[in-house]
Structure formats: C-alpha cells, structure tokens
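Scroll down for the structure; my scribbles are underneath it.
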Amino acid sequence: MKICGVKIERDALAAIESGADALGFNLYAGSKRYIKWEKEADWIRALPSEVARVAVLVNPTIDEARELLDIDLFDALQFHGDESKEFFEALPAHEKPLIKAVRLTSVAILEQVRRYPVFGLLADGTREGEFGGTGVRFDWSLLQGANFDKVLIVAGGLTPENVAAAIRETRPYAVDVATGVENREGLKDKNKMVEFILSARGVRKCTVRAL
C-alpha cells in the first residue's frame, strides 16, 4: 500500500507505523501537497530503507526527471501529467521504476498508454484542472478484462470503507491513497491509515505489494 501526498516527517513515520509499503512525495508546485524536496531531503533520506520513497511529478522536463533518477533520495518516479510515450523513451535506462498515472475515463485511454515503456500504470480518477489527489473515483468496471504486460496500481477516491471492494473488483498490484486518509487540515490521519491498510490486507490476505 502507498500513502501519497506526505508533507511532513511526522506523517511519514505514522504511515510507516500503520503498515505502509511506500510513501509518495508530491513535487508538483501546483498541488496542495507540494513539498520542495531539496528542503526536506534529510528526513526523507533517513526513513527506513524497506519503505519505498516515490517522487510524484507533473510534466517535468527530461532534465528534471533525470536528476531525480540520479540522486539517491527516491526509489521510484510517478508521473501524473501529460507525459508522452516519447518522453519516457527519452529517459535513460535506469533501475528505478517509472509509473505513469492515467486519468481513467474510458477503455480507449488504457489502449493509448499500454505501450508506454514504464514499470506500471496507475489508474486514477479525474477532476477538471487537477492532476491526481482529487479524492474522485473512476469507474472500476473499466478495468474488467483489461490485460497488461505491466503492473496495475489503483488510486482515486479510495477510503478505508471502499478499498476492499476496489481490490476485489480490479485485482491491482497495489493501491494508492491520499485524500481518503487525511483529516480536515489536509494532514494524514493515523487511525484512517491503519483502517485503510487493514481493510486492504484483509481482502488480499497481505498480498497487496510494495512498489
């Protein structure tokens, strides 16, 4: 399970104590969960090595993506913008996984990204003018019968109450949550994180994996 949109060290540690396999750090300045990684690097780097640290990006330049691949701060990169197949082809071969988020509104969109040279696809909900983290569900039935040669991660409007149903219907490699485990101040709620992870692991018997 991945807890995304972590902004402060306290929330990161609470997510890890709750059982998270991965944490997402939003590096997109237009997001309410934005952090400046250069400023927060010391505590992010000090997090337990067994928990994956994922940089969340929106339409970065090739040079920006390359820099994040080269430094030791993040274990994977997740792209939520309008990045093209050619963008990923231009990135150097690297051991760090690349994940392309897809604002899923039709099966046709899945076909468009199927051949992207990435480790995995993240199916997400959509709200006009926003890039992920909206708390909006997509139609899970769009994934029924879909065949991928890469891993599938499900996000978008997941909560402790519906994550089990999402897993049963979509059979993902992993699930990703931000809004669904936050309090009114936009920080992570440990009780919600614990409930989310227990619900997910209950239906998959601990087989929802890390990134």
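The values are calculated or read from the model by the stated rules, or taken from the named source; none is laboratory data. Predicted, not measured: the structure shown is a model, and the values here were computed from it. With ideal geometry, Cβ positions are generated from the backbone for all residues, glycine too; neighbour counts draw on all protein chains shown.
Against the list (1) in contact with a Lys or Arg (Cβ under 7 Å, 6 or more places away or on another chain); (2) of a type outside the set (A, V, I, L, M, F, W, C); (3) crowded, with 22+ Cβ neighbours inside 10 Å, the condition Lys100 fails is (1). Taking the criterion of being out of contact with any helix residue (DSSP H, G or I) (no Cβ under 8 Å at 6 or more places or on another chain) and of a type in the set (A, V, I, L, M), the residues of region 20-52 that qualify are Ala22, Ala29, Ile35, Ala41, Ala46, Ala52. If the condition is being closer than 19 Å to Ala55 by Cβ and modelled with pLDDT under 90, then region 118-137 contributes Glu130, Phe131, Gly132, Gly133.
Please find, within region 1-19, the residue that is nearest to Trp43 (Cα to Cα) out of those that are assigned to a loop (DSSP other than H, G, I, E, B) and in contact with a helix residue (DSSP H, G or I) (Cβ under 7 Å, 6 or more places away or on another chain). It would help to see each step written out before you state the result.
Taking region 1-19 first, the residues assigned to a loop (DSSP other than H, G, I, E, B) are 1, 4-8, 19.
Next, from what is left, pick out any that are in contact with a helix residue (DSSP H, G or I) (Cβ under 7 Å, 6 or more places away or on another chain): 1, 6, 19.
Working: Met1: 21, Val6: 12, Gly19: 19 Å.
Of everything passing the filter in region 1-19, Val6 is nearest to Trp43 (Cα to Cα).
Reported count of residues in region 20-59, each being assigned to a helix (DSSP H, G or I), aliphatic (A, V, I, L, M) and surrounded by fewer than 18 Cβ atoms within 10 Å (Cβ to Cβ), is 1. On inspection, Arg45 does not qualify as under 13 Å from the mean Cα position of the chain (by Cα) and not β-branched (Val, Ile, Thr).
If Glu111 meets every condition in (1) exposed (fewer than 15 other Cβ atoms within 10 Å of the Cβ); (2) touching a residue at least 24 places away in the same chain (Cβ under 8 Å); (3) acidic (Asp, Glu) apart from one, which number is that one? It fails just one condition, (2).
Tell me which residues, restricted to region 98-109, are under 17 Å from the mean Cα position of the chain (by Cα) and either among the β-branched types (Val, Ile, Thr) or more than 18 Å from Val58 (Cβ to Cβ) (or both). Don't jump to the end; show me each part of the working.
Taking region 98-109 as the starting set, the residues that turn out to be under 17 Å from the mean Cα position of the chain (by Cα) are 98-104.
If the condition is that a residue be under 17 Å from the mean Cα position of the chain (by Cα) and either among the β-branched types (Val, Ile, Thr) or more than 18 Å from Val58 (Cβ to Cβ) (or both), then Ile99, Val102 are the ones that fit.
Exactly one residue among Phe79, Phe87 is crowded, with 18+ Cβ neighbours inside 10 Å, aromatic (Phe, Trp, Tyr) and more than 19 Å from Lys2 (Cβ to Cβ), and that residue is Phe87. If you go through region 95-114 one residue at a time, do you hit one that is among the basic types (Lys, Arg), farther than 16 Å from Ile153 by Cβ and at pLDDT 95 or above? For region 95-114, residues among the basic types (Lys, Arg), farther than 16 Å from Ile153 by Cβ and at pLDDT 95 or above: absent.
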